[in-house]
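Asker: If you scroll down you'll find the structure; I have some questions about it.
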Amino acid sequence: MRSVVVKTLLGSFLVLAIIWALILGWWQSNDFSPSPGEMLLYLLGVPLALIVGYLLLQGFIEHLKKPLEVAAPGAPAARDDDPLARAGAASDAAERNWSLSLLASHVSLASGKSAAEALAAVAEGRRPAPSSRLQDDEGFPAFVAEVADLDVDELTEQLQATQPALVQVDESPAFVRALGLLDSVIDAVRNDIDPLREANPESFHLSVLCLLPETWEPALMPMLRQYLGDRLANDVPGVAAEIMVLQAKNEVDALRQLDAAIVRCNRDPLDDEFLLVLGTVSAVDEDCIAQWAGQGRLFTAACQDGSIPGEGAVALLLTRQATVDRLQRDNVLTVSRLVHGSRDKRLDAGGRIGGKLIAGLFGSLLETTATDPANLNAVLLDTDHRAAYMTEALEGLGEGIAHLDPLKDVLAIGLVAGSLSPVGGLLALAAASARSLAENAPVLCLSNHHPLERAMLLVRPAPASDTETSAS
């Protein structure tokens, strides 16, 4: 400390001496006679200002050199023996472990009418082909993943006859195709709902969550709610369904809506309540192709990192494990809560591809679900052909999936289905459930199709009910 003071004083005297010498020499060369005020200003004010400025600058530099100290989050203002604090922590932990049981899943995709067919298409290396009716802005056939057997003219006529208000708001082929795909999965899931309703018609309760693209006209939402109500009333007679129609911004937003439904079903449980999650999208028409091309995000020969427009629909039927045990159902899967986050930089912005966020989400999910990563049988992603997204996933999951074959066990559903925002994550979940059932093992579902948003959840075989355990 003394040496610092001595150095500071000696440096100050040296500055004073140099400045005095320069000023006095300047006055003498100009034959200048300063007044008392000028002498104080030049001989004391100037050197003192320089010395103080130097000390302030040095202090600021030393402050910048210090490492940033991040304060640890403060603990709640509660005593360790506070029973309410302990109850709150236990409640939070219990909510993180909430889940729903997946009874059935149905999809309608270009690659097939089931998630198993989609997985087989990925394994076989099938990819979207150039369209015979759609072209990009260069006049070349556009690559699309379209469902081949959809008759748009027939679907439009049906809507005009049954739901003319819908067609008046939006008569685009993409909208009509999306509704046609939605109808197909509703038809498929009806065969799963009917036996459940007949088993206990008095207490049967169906909640419907339908997730639709953000680009659709908001005026359509109440009409689509009525449309679904009429559709379910015709297909599932005697069922009073509670229907919610929401628009999702992206894949992770749709999964967040599913997660919120999991929380609601566990927080306010009803006897024999079943949750039907629906989603549909179509980007396979001329307007969508032109819009994507204008935004520079359409896959073409000149833009290999662009997306391939796709279309598809999904239906997921879920309930609580207590209901599964009461019904003594087998081949049931458990869907965990969601973990999600957002990257600090878009993945398509260039630069190094890092998987830090995915690694953090992966560790959190494994801890919450008490899962050994060595037990994972596969990873299902909603991303597509773009290499950067698969690289990010593999780097983030790292050693946790070292036992998996990247070609056979890390599968991207978008490779065969194209871009399916915002329902791509739900379709990946359906594919993960098909793989989990086939292998009777946990499967990780990862959504990283969006440039920023990331989310993952776990699908695994449900634990055996007490009745099954005692019987065995």
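Asker: If each residue of separation counts as 0.36 nm, what is the full-extension length gain between LEU9 and ASP348 once their alpha-carbon separation is subtracted?
Answerer: Length gained, LEU9 through ASP348: 116.4 nm.
Asker: Quick check on the range 358-472: of the DSSP beta bridges with both residues there, what percent are antiparallel, nearest 5%? Present the calculation step by step, with values, prior to reporting the outcome.
Answerer: Values: 5 of 12 bridges.
Percentage antiparallel, nearest 5: 40.
Asker: When the Debye formula is applied to the Cα atoms of the chain, each taken as the same point scatterer, what base-10 log of I(q)/I(0) results at q = 0.07, 0.09, 0.11, 0.12 Å⁻¹?
Answerer: Debye curve over Cα of the chain, log10 I(q)/I(0) at q = 0.07, 0.09, 0.11, 0.12 Å⁻¹: -0.48, -0.66, -0.91, -1.06.
Asker: Among VAL169, VAL324, what's the order by accessible area (1.4 angstrom probe), most exposed first?
Answerer: Numbers: VAL169 60, VAL324 5 Å².
Ranked from most to least accessible, the order is VAL169, VAL324.
Asker: Quick one: dipole size for the range 375-472, taken about the Cα centre, charges +1 on Lys/Arg Cβ and -1 on Asp/Glu Cβ, in debye to the nearest 20.
Answerer: Here the size comes out at about 160 debye.
Asker: For the range 91-232, what relative contact order do you get, as a whole percent, if you take Cα pairs closer than 8 Å and at least 6 residues apart? Spell out each step's value before the answer.
Answerer: On the way: 76 pairs, mean separation 28.9, N = 142.
Across the range 91-232, relative contact order equals 20 percent.
Asker: Non-local amide H neighbours of LEU404 (under 5 Å, H modeled in plane, Pro and chain starts lacking H): which ones?
Answerer: When sequence neighbours closer than 5 places are left aside, there are no close amide H contacts.
Asker: For HIS450, what accessible area in Å² do you get when you roll a 1.4 Å probe over the heavy atoms of the protein chains, rounding to the nearest 10?
Answerer: The accessible area comes out at roughly 50 Å².
Asker: Which value, in debye to the nearest 20, gives the size of the charge dipole of the chain about its Cα centre, when Lys and Arg are +1 and Asp and Glu are -1 at the Cβ?
Answerer: 2200 debye
Asker: Sticking with this one: If you average the sequence gap of Cα pairs under 8 Å that are 6 or more apart and divide by the length of the range 133-190, what percent do you get for the contact order?
Answerer: 26 percent
Asker: Please name whichever of PRO173, THR368, GLN247 sits farthest to the positive end of the charge dipole of the chain, dipole taken about the Cα centre and charges placed at Cβ: Lys and Arg +1, Asp and Glu -1.
Answerer: Result: THR368, furthest along the dipole toward the positive end.
Asker: Can I ask one more? Taking a ≥ b ≥ c as the square roots of the eigenvalues of the Cα gyration tensor of the range 308-348, is the shape rounded (a/c under 1.5), prolate (a/b larger than b/c) or oblate?
Answerer: In terms of gyration-tensor shape, oblate.
Asker: Name the residue from SER35, ALA145, ALA94 whose Cα lies farthest towards the positive end of the charge dipole of the chain, charges +1 on Cβ of Lys and Arg and -1 on Cβ of Asp and Glu.
Answerer: So the residue we want is SER35.
Asker: At 27 Å minimum axial length over the Cα atoms and a Kyte-Doolittle cut of -1.0, report the qualifying DSSP H helices in the chain, or say none.
Answerer: 2-29, 46-65, 173-199
Asker: Moving on to the next point. Order the following by accessible area, largest value first: PHE299, PHE175. Probe radius 1.4 Å; ligands, DNA and RNA are ignored. Walk me through the numbers on the way to the answer.
Answerer: Details: PHE299 35, PHE175 0 Å².
Per-residue accessible area, sorted high to low, gives PHE299, PHE175.
Asker: Can you give me the long-range amide H partners of ALA412? Hydrogens built in the peptide plane at 1.01 Å from N, cutoff under 5 Å, separation of 5 or more residues or another chain.
Answerer: Those lying under 5 Å, H to H, from ALA412 are LEU381.
Asker: Just name one of LEU420, VAL443, PRO222: the one whose Cα is farthest towards the positive end of the charge dipole of the chain (beta-carbon charges, Lys/Arg +1, Asp/Glu -1).
Answerer: My answer, from the dipole projection, is VAL443.
Asker: If you roll a 1.4 Å probe over the chain with all protein chains in place, what percent of the accessible area is carbon or sulfur?
Answerer: The computed percentage sits at 56.
Asker: If you count the DSSP beta bridges with both ends in the range 180-259, what percent of them are antiparallel, to the nearest 5? List each step's numbers first, then the result.
Answerer: Working: 0 of 8 bridges.
Of those bridges, close to 0 percent are antiparallel.
Asker: What Kirkwood hydrodynamic radius do you get for the range 249-370 when you take the inverse of the mean 1/r over all pairs of distinct Cα atoms, in Å?
Answerer: Computed over the range 249-370, the radius equals 18.1 Å.
Asker: Against the 2.2 N^0.38 Å scaling, with N counting residues, where does the range 111-170 land? I'd like the Cα-based Rg ratio to two decimal places.
Answerer: Numbers: Rg = 16.0 Å, N = 60, 2.2 N^0.38 = 10.4 Å.
Relative to the rule-of-thumb radius for its length, the range 111-170 sits at 1.53.
Asker: Run the numbers on the chain and let me know its relative contact order in percent, using alpha-carbon pairs under 8 Å that are six or more apart. The partial results should precede the final answer.
Answerer: Values: 777 pairs, mean separation 93.1, N = 472.
That works out to 20 percent.
Asker: For n ≥ 4 DSSP H runs only, could you compute -39500 (n - 2.57) per run for the chain, divide by its residues and tell me the 222 nm figure to the nearest 500? Write out the running numbers ahead of the final one.
Answerer: Working: 17 runs with 221 residues, N = 472.
After summing the helix terms and dividing by the residues of the chain, the value is -15000 deg cm²/dmol.
Asker: Would you mind classifying the range 256-322 by shape? Square roots of the alpha carbon gyration tensor eigenvalues, ordered a ≥ b ≥ c; an a/c under 1.5 is rounded, otherwise it is prolate if a/b is larger than b/c and oblate if not.
Answerer: prolate
Asker: While we're looking at this one, here's another question. Which value, in debye to the nearest 20, gives the size of the charge dipole of the range 109-212 about its Cα centre, when Lys and Arg are +1 and Asp and Glu are -1 at the Cβ?
Answerer: Numbers: 7 positive and 19 negative charges, 64 e Å.
In total the dipole reaches around 300 debye.
Asker: Further, regarding this structure: Quick query: amide H of VAL208 versus all other amide H atoms, modeled in the peptide plane; which residues come in under 5 Å with a sequence gap of 5 or more or a different chain?
Answerer: Distant-sequence amide H within range of VAL208: GLU242, ILE243, MET244, LEU276.
The values are calculated or read from the model by the stated rules, or taken from the named source; none is laboratory data. Since this is a predicted model, take the numbers as computed values, not measurements. Glycine also receives a Cβ, built like all others from the backbone with ideal geometry; neighbour counts cover every protein chain displayed. With ligands, DNA and RNA removed, areas are computed over all heavy atoms of the protein, side chains included. Shrake-Rupley method; radii C 1.70, N 1.55, O 1.52, S 1.80 Å.
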